[in-house]
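I have placed the structure first, in the form of structure tokens, so that the comments after it can refer back to it.
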Amino acid sequence: MSASNPPSSPERDPEDSSSAHDEGPVNGDGKHNSKPGTVSWGDLPRKDQLLIITLTRLSEPLVQTSIQSYMFYQLRWFDPSLPDSAISSQAGILHASFTAAQFLTAMMWGRIADSSHFGRKKVLLIGLGGTLLSCVGFAFSTSFWQALFFRSLGGITNGNIGVLRTMISETVREKKYQSRAFLLLPMTFNVGVIIGPILGGILSDPAGSYPDIFGDNKFLQRFPYATPNLVSAFFLFCAMLGTLDAKFGKRDRGLELGKRLTAWFRKGHGGEGYTLLSDQDQDATVSELEETHPDQDFHQTKPVRPRSRYTQRLPFRRIFTPNVTATLVASFLLPFHLGTFNSLWFVFLSTPVNDPSTDLQSHVPNPSIQRSPFFFTGGLGLRPREVGLAMAILGVIGIALQLLVYPTLSARLGTVASWRLFLFFFPVAYFLVPYLSLVPSASPAPLPKDGVWVWLSIVGVLFLQVVGRTFALPAQTILVNNCTPHPSVLGTVHGIGQSVSSFARSVGPILGGFVYGFGLENGVVGLVFWCLAGVAVSNLVASLFVREGDGHEIWLEGDQDDE
């Protein structure tokens, strides 16, 4: 294989994130009718395909955030003798086990999804099925090691994020739609963040939470945290059914057989017969209709299939161009501090409130040394339902911003500029998080924190964190997608990106859990959050070396520019 310039293709500025086809439809005068900023949600192509993709994506955050709302209390149920610092370390390990297992297999699933003999659909079904088994096993776990095994099982079989990103890229080829199309996955994540914690908080330990109704139920007493996991397993099963009915860019003989049987049945009852058209027949039919009705665009109703622009596959050793490497470094730092915060947030909310007047809490070595601004300890002491509500606030703020603010602002600023700008929000948010434990509460310690000021402070800090996440995550996904040096390795690059992200989300929570426990034992609960602020600053610096590519930096013999 040898690199070559694209035949008869215009030169592209590598810093330019747009191309000729980004400027909208062309009218009779050769002028463009729209600009990239005018794209709306209704303009997105292949909405049926995108719907299946988003429903598949919904299942994972639904499961993960549901578990987080009661994980601290489930770990305490496993072994009531453990101190809070040990539970926080276990929570970090359990949270990281899923993503650690994903790290080991994500690139493999990306390569398998690129294979013509296997494909995207089978990879998605394996991921959903493995996560379903993981949920059922986690539901009936009675020890930390059992829970760790089943969470790891779910991660090993689940490489869906990288595959789903690849599918969006193949479904939505034009860059003018990408700011909205790639927003679907984080927006779906926020929907899961809203629903999951609320379900987890309400359904966890029903015998203890609702003793008048479920207090005598032996099953719920033996498995107090089974109910939310079984509900999550039901959602995963529904996602599998939706994926089975989907057709992902390739010929689906099952669907074709169903359509032929339906057409035969209708024809037998006096209806018009229906036969599948080949691509050539469809092109001919559309051309005939355009000749007779020149004022209508019949291509809008024709399914848009991804077209191959290459005949050779880029060798693996040539994937890591300077821009790919810089993008992957940034792709490590962002999920590192995001994943660590997500794992510590619910632990911090569940950690008992510090009572300086007593020395009953094992994680307070000497209450007399507690003093602001850095030497203080304790959490908010919220119960599972309140933890679920506080976590759901993340999703509510996020989805509101994604629907109302992100598309317009991203179109005006551009992908790289908006990404860099909103990375500034993370250090500020992380620095302020531990001070929530110092906000005056309506109830005296050691009762859980409550009152207007407490919840206003929670919303304020979360607003900063979610604003950064809302703009940074979809932009990061677009940058990973567009840094791909050749279309033949798109799935592989997304698999590598998911591996890097999974590794970061594995290492971060484990380290964060130990640092958080160390801080509790030494009266500095904010230590881990201030370390995260430092990582977020490093992410800012790394972003300066990233540029947006065009997805086809390297050209091989036989490549065709069909854009």
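The values are calculated or read from the model by the stated rules, or taken from the named source; none is laboratory data. The structure displayed is predicted, hence computed values, not measured ones. Because the Cβ atoms are built from the backbone with ideal geometry, glycine has one as well, and the counts that use them run over all protein chains shown. Note: accessible area is taken over every heavy atom of the protein model, side chains too, but ligands, DNA and RNA are not part of it. Shrake-Rupley method; radii C 1.70, N 1.55, O 1.52, S 1.80 Å.
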Exercise. Condition test on PHE514, is it more than 22 Å from THR105 (Cα to Cα), part of a helix (DSSP H, G or I) and open to solvent by less than 20 Å² (accessible area, probe 1.4 Å)?
Worked result: no
Exercise. Of VAL405, VAL396, VAL416, which residue is over 19 Å from PHE463 (Cβ atoms) and under 21 Å from the mean Cα position of the chain (by Cα)?
Worked result: VAL416
Exercise. Yes or no: PRO440 open to solvent by less than 10 Å² (accessible area, probe 1.4 Å), over 19 Å from the mean Cα position of the chain (by Cα) and at pLDDT below 90?
Worked result: no
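Among PHE518, PHE514, PHE503, which is the only one that is among the aromatic types (Phe, Trp, Tyr) and under 22 Å from the mean Cα position of the chain (by Cα)? Before the answer, list the steps.
Details: PHE518 fails: under 22 Å from the mean Cα position of the chain (by Cα); PHE514 fails: under 22 Å from the mean Cα position of the chain (by Cα).
One residue alone meets the criteria, PHE503.
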Problem set entry | Within the range 211-224, considering residues that are part of a loop (DSSP other than H, G, I, E, B) and out of contact with any Phe, Trp or Tyr (no Cβ under 6 Å at 6 or more places or on another chain), the one modelled with the lowest pLDDT | GLY215
Exercise. Does VAL347 meet the test of being open to solvent by 20 Å² or more (accessible area, probe 1.4 Å), at pLDDT 85 or above and outside any loop (DSSP other than H, G, I, E, B)?
Worked result: no
Exercise. Between residues in the range 543-555 that are free of Cβ contacts under 8 Å to residues at least 60 places away in the same chain and residues that are assigned to a loop (DSSP other than H, G, I, E, B) and open to solvent by 10 Å² or more (accessible area, probe 1.4 Å), which pairs lie under 9 Å by C-beta distance while being six or more apart or on different chains?
Worked result: none
For this session: Would you point out which residue out of ALA91, ALA106, ALA101 is modelled with pLDDT of 80 or more, assigned to a helix (DSSP H, G or I), within 11 Å of ASN158 (Cα to Cα) and of a type in the set (Gly, Ala, Ser)?
Result: ALA101
Exercise. Do we find that ILE458 is open to solvent by 10 Å² or more (accessible area, probe 1.4 Å), more than 30 Å from HIS552 (Cβ to Cβ) and part of a helix (DSSP H, G or I) in this structure?
Worked result: no
For this session: Those residues that are under 26 Å from ALA181 (Cβ atoms) and open to solvent by 10 Å² or more (accessible area, probe 1.4 Å), I need them from the range 115-145; list them, please.
Result: SER115, SER116, PHE118, ARG120, LYS121, LYS122, LEU125, ILE126
For this session: Run down GLY196, GLY208, GLY201 and say which single residue is part of a helix (DSSP H, G or I), open to solvent by 40 Å² or more (accessible area, probe 1.4 Å) and among the small types (Gly, Ala, Ser).
Result: GLY208
For this session: Examine the range 467-485 for a residue that is part of a loop (DSSP other than H, G, I, E, B), buried (at least 24 other Cβ atoms within 10 Å of the Cβ) and among the β-branched types (Val, Ile, Thr), and state whether such a residue exists.
Result: yes
For this session: Look through LEU94, LEU148, LEU82, LEU183 and report the one residue that is free of Cβ contacts under 8 Å to residues at least 40 places away in the same chain and either surrounded by fewer than 20 Cβ atoms within 10 Å (Cβ to Cβ) or within 25 Å of PHE341 (Cβ to Cβ) (or both).
Result: LEU82
For this session: Please determine, by comparing only the residues of the range 531-548 that are open to solvent by 50 Å² or more (accessible area, probe 1.4 Å) and not small (Gly, Ala, Ser), which one is modelled with the lowest pLDDT.
Result: ARG547
Seminar exercise, completed: Residue set SER152, SER134, SER169; condition of a type in the set (Gly, Ala, Ser), in a helix (DSSP H, G or I) and closer than 30 Å to GLY551 by Cα; output residue SER169
Exercise. If only one of VAL433, VAL387, VAL396 is part of a helix (DSSP H, G or I), touching a residue at least 24 places away in the same chain (Cβ under 8 Å), surrounded by fewer than 21 Cβ atoms within 10 Å (Cβ to Cβ) and aliphatic (A, V, I, L, M), which one is it?
Worked result: VAL396
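Residues are listed down the side, and each one gets a yes or a no for (1) acidic (Asp, Glu); (2) closer than 30 Å to PHE78 by Cα:
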{"site": "SER115", "(1), (2)": "no, no"}
{"site": "PHE118", "(1), (2)": "no, no"}
{"site": "VAL123", "(1), (2)": "no, no"}
{"site": "GLY130", "(1), (2)": "no, yes"}
{"site": "LEU153", "(1), (2)": "no, yes"}
{"site": "ILE156", "(1), (2)": "no, yes"}
{"site": "GLU170", "(1), (2)": "yes, no"}
{"site": "LYS176", "(1), (2)": "no, no"}
{"site": "ASN190", "(1), (2)": "no, yes"}
